[in-house]
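Presented below is the structure to which this report refers.
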Amino acid sequence: MVVSEESRLVDFDAEAALAAAREVDRDAVHICVEYTESEFHTLYADEATMALYDDRAAMESHFEEVHSYVHIDFTETDLFGELFRAAGDVRSFVTVMEHATVLRVLVGSQGLFFSTDPEADVTALVTAVEDAID
């Protein structure tokens, strides 16, 4: 089973951003979740992701746990913006782990969360997503 739903939460074109990321590397993108500080909505979860959970409710419960830490994205945005004033706006965060890379692209107080293969070209993914959003 694959989850594939329309965007309903953010003000930018999240569906175009997901499509752009999947054009860069269709097989590397496993999850795409749109989020705000108070809500999240799963746009896409591939079969490999769904296989990690007993059912959709279990997946969403785990995503809710992850979302409970989303304030860190917005706190870090403020922190890095203050510490590195000459560097410009904070646009995304990348976390590289042993078995996955997590990419969070921010647009003000909204964002997209992607889980990708660890060897995915995150620079190309960020560029494609940002181009689709702009």
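The values are calculated or read from the model by the stated rules, or taken from the named source; none is laboratory data. As the structure is a prediction and not an experimental result, all values here were calculated from the model. Note: ideal-geometry Cβ built from the backbone for every residue, glycine included; neighbour counts use all protein chains shown. Heads up: the accessible areas ignore ligands, DNA and RNA and are worked out on the full protein's heavy atoms, side chains in. Shrake-Rupley method; radii C 1.70, N 1.55, O 1.52, S 1.80 Å.
Rg (Å, one decimal) plus Dmax (Å, integer) for the alpha carbons of region 22-74?
Rg and Dmax of region 22-74, Cα atoms, are 12.0, 31 Å.
Go through 22, 104, 8 and list them by solvent-accessible area, largest first, probe radius 1.4 Å.
8, 22, 104
Ignoring ligands, DNA and RNA, what percent of the 1.4 Å accessible area of the chain is carbon and sulfur?
That fraction is 49 percent.
Need one value: the accessible area of residue 63 in square angstrom, 1.4 angstrom probe, rounded to the nearest 10.
20 Å²
Where does each of 1, 50, 97, 59 land when they are ordered by accessible area, with a 1.4 Å probe and the largest first?
From most accessible down to least: 1, 97, 50, 59.
What is the calculated FRET efficiency for residue 13 to residue 82, with r their C-beta to C-beta distance and R₀ = 41 Å, to the nearest 0.05?
0.90
Taking the convex hull of the alpha carbon atoms in the chain, what volume per residue do you get, in Å³?
It comes to 108 Å³ per residue, whole-number rounded.
Would you check the accessible area of residue 91, probe 1.4 Å, heavy atoms only, in square angstrom rounded to 10?
Spelled out: residue 91, probe radius 1.4 Å, area about 130 Å².
Can you pull the accessible area of residue 73 for me, 1.4 Å probe, Å² to the nearest 10?
10 Å²
Taking all protein chains together and a probe of 1.4 Å, list 30, 99 from the most accessible to the least accessible.
99, 30
Which value in deg cm²/dmol, rounded to the nearest 500, describes the helix-derived mean residue ellipticity at 222 nm for the chain, given -39,500 (n - 2.57) per DSSP H run of n ≥ 4 and division by the residue count?
-11500 deg cm²/dmol
Along the Cα→Cβ direction, 7 angstrom out, place labels at residue 47 and residue 119. What is the inter-label distance in nm?
Output for this residue pair reads 2.1 nm.
At residue 130 and residue 37, where each label point lies 7 Å from the Cα along Cα→Cβ, what is the point-to-point distance in nanometres?
Spacing of the two 7 Å Cα→Cβ label points: 2.4 nm.
Quick one: compute the contact order of region 15-124, relative version, from alpha carbon pairs under 8 angstrom and 6+ residues apart, as a percent.
29 percent
Quick one: length gained pulling residue 89 to residue 65 fully straight, 0.36 nm per residue minus the C-alpha distance?
5.9 nm
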